[in-house]
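Here, each number is a calculation from the coordinates, and none is a lab measurement. Small disclaimer: the values here were computed from a predicted structure and weren't measured. We place every Cβ from the backbone using ideal geometry, glycine too, and count neighbours over all the protein chains shown.
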Amino acid sequence: MSNLQSETIDQSRRRFLGAAAGAGAAVAGTAAAPAWGGSTLMDTMGSFFQNHYQRMSDEEIADAIGRIERRAKRRYDVDIICRDQPPQEDVVFGYALNISKCQGYRDCVSACVRENNLDRGSQMEYIRVLEMEEGSRNLEHSEHYYDPDTVPVEGKYYLPVQCMQCDNPPCVKACPVEATWMEPDGIVVVDYDWCIGCRYCMTACPYQARHFNWREPQIPSEDINRNTNYLGNRPRPRGVVEKCHFCTQRTREGRQPACQEACPTGARIFGNLLDPSSEIRYVLANKKVFRLKEELGTEPKFWYFTD
Amino acid sequence: MRGSQSERRLLPAIALAAGLGAALLALAPAADLPPISEEGHRSLREHPPGPEPDPGPPAGFTGYPDAPQVSVVSRREALSHYPCADCHAHMPANPERRKLSAPHPGLLDHGEGRFWCLECHDADRRNELATLAGDTVSFDRADQVCGQCHGDTHRDWTFGAHGKRVEKWQGERRVYSCAHCHNPHDPAVRPRAPEGPPGIRAGLEPMPDKGRKHPPVYPWQPVDEESGHE
């Protein structure tokens, strides 16, 4: 009862503030110099009072998306299209990667950076391709800064590591503000506007799959991917954690993730774990598969296999 | 609730008993059975099997059971000199092994010298490929030629564990053919340059030694003369 009451009070307070902000914006609109860092008072107030993604109504999400698009326009001078792509029914995504095929080209990495509007020139890369000693699975002796003239190098094999979309995700448990959660299609997503940047999830993740925005992503305007998703590749602010989200903007409409499409070797298999005729189910049923750090009980939905 | 459940459990037992009774009843009148033969026992089969059907010539590859519906991206359009019959229509096929000049590929580094053109290309219908059994195969379904030797890979490709699917993970399966990725005349994949390594995080200096070498943590750790590190 008291919860209900506080909610209604909260909402009426928000409506009042929204109206006040509208009045403020009307006043600010007459001024010549852009206040609020080029943003309108309305947008600034709107983002300040923006709720958690899962608690927002459709209208509030539409408002938030409008703010995201206007912010991208101001920041990058690009008209992006931000959508709120819902998960599909009866779909749980899984990934399988053939380590006998992977040659360490890192084409997946560069495709991912371009697709997901990642900061250029910093260490912000969702995929980390580990160069491993042949015959060993010791991750501590792996090297991901490898830069020979040609790959594959004799005596090495390559193990790309990205977010495993664990079914029992330790990062979700670590988040003190519930800014990250698992969606019905098995993808662990982040509400970048709710994240407080404490980075507990980064230490909780045994795969180092989460990355922190030490600066606002620096991307040349012409390189911005305009097709974005709210819980996906929309431009992120500084000081929040982000991670691979299996390209929600693509996979939720039936397309392959960018890393799979870019891989020239065909090492990457992506699909619906609930569909018995899917490629991924064939791999799981017929190939020798393993998962990284399986003993931790994180239940990754990312398998590695060999021919 | 509980009563109805136990009734339900009883029902199959009753049905079984009724079935047994009916079977016994059916056995009782022996008049309908086939006559006893002169040797004193009935033939084991009322309908003995006929002669084995003639298998005929072995059928070509008809696909795997339970294989998904797959459509293959056309390969013919990507061939620079297709259709081959433009030139070959008026040339008799010369089966002698020899080195071919341009526009044919000069190199045939496949099968360790066991192959020559006509192992895969049809000698008579120049616009087509041929299997070892002599069936004609379109250039678009080159997989049926490759799969004759690379059977496991062909099965994996059909089910989606090898090769690349076009654009979608959902819906109709369109896949690239073997020759889109592998040059059939020179199938080995050569090493190539990788994309660049991850950058250094903004504001940090690169490590003096790439990799896991780092300054000694404890004073008694040996120091490498060259780099000054462990």
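A few notes on this one:
- Over 23 Å (Cα to Cα) - which of A:LYS173/A:LYS243; A:LYS293/B:LYS168; A:LYS101/A:LYS287; A:LYS101/B:LYS164; B:LYS99/B:LYS164; A:LYS101/A:LYS293 fall in this group: A:LYS293/B:LYS168; B:LYS99/B:LYS164
- Between A:TRP303 and A:TYR95, A:ALA96, A:LEU97, the built amide H atoms are under 5 Å apart, and every one of these is 5 or more places off in sequence or on another chain.
- Full extension of the chain between A:GLU253 and A:GLU154 gives 31.7 nm of extra length, using 0.36 nm per residue less the Cα-Cα distance.
- With N counted as the residues of the stretch A:87-307, its alpha-carbon radius of gyration over 2.2 N^0.38 Å works out to 0.97.
- Amide H partners (placed H, <5 Å) of A:LEU130, local residues excluded: A:LEU159, A:VAL161
- The simple Förster model, with R0 at 51 Å and r as the Cβ-Cβ distance, assigns B:GLU119 and A:ARG226 a FRET efficiency of 0.55.
- Approximate spin-label separation B:HIS104-A:HIS52, in nm, with each point projected 7 Å along Cα-to-Cβ: 7.1
- Residue-averaged [θ]222 nm for chain A, counting only DSSP H segments that reach four residues, each worth -39500 (n - 2.57): -9000 deg cm²/dmol
- Both the radius of gyration and Dmax for the stretch B:97-215 are 21.5, 71 Å, in that order, over alpha-carbon atoms.
- Cβ-derived FRET efficiency at R0 22 Å, A:ILE81 paired with A:GLU59, nearest 0.05: 0.70
- Averaged over B:154-166, number of beta-carbon atoms from partner chains that fall within 10 Å: 6
- Packing rank of B:174-182, A:146-154, A:115-123, where each peptide gets the mean count of other beta carbons within 10 Å, highest leading: A:115-123, B:174-182, A:146-154
- Counts of other chain beta carbons within 10 angstrom of each beta carbon in peptide A:143-150 average 5.
- Per-peptide average of other Cβ atoms within 10 Å, ordering A:241-248, B:149-156, A:48-55 highest first: A:241-248, B:149-156, A:48-55
- Per-residue HN-Hα couplings for the stretch A:232-239 [Karplus 6.51, -1.76, 1.60; θ = phi - 60°; Hz; x = Gly/Pro]: x, 9, 5, x, 9, x, 6, x
- Those aspartates and glutamates that a straight Cα-Cα span of less than 16 Å connects to A:LYS73, excepting residues fewer than 8 apart in one chain: A:ASP43, A:ASP63, A:GLU216, A:GLU222, A:ASP223
- At least 15 Å along the helix axis (C-alpha) and Kyte average at least 0.5, DSSP helices within chain A: none
- Neighbouring partner chain Cβ atoms per residue of A:211-224, average, 10 Å criterion: 1
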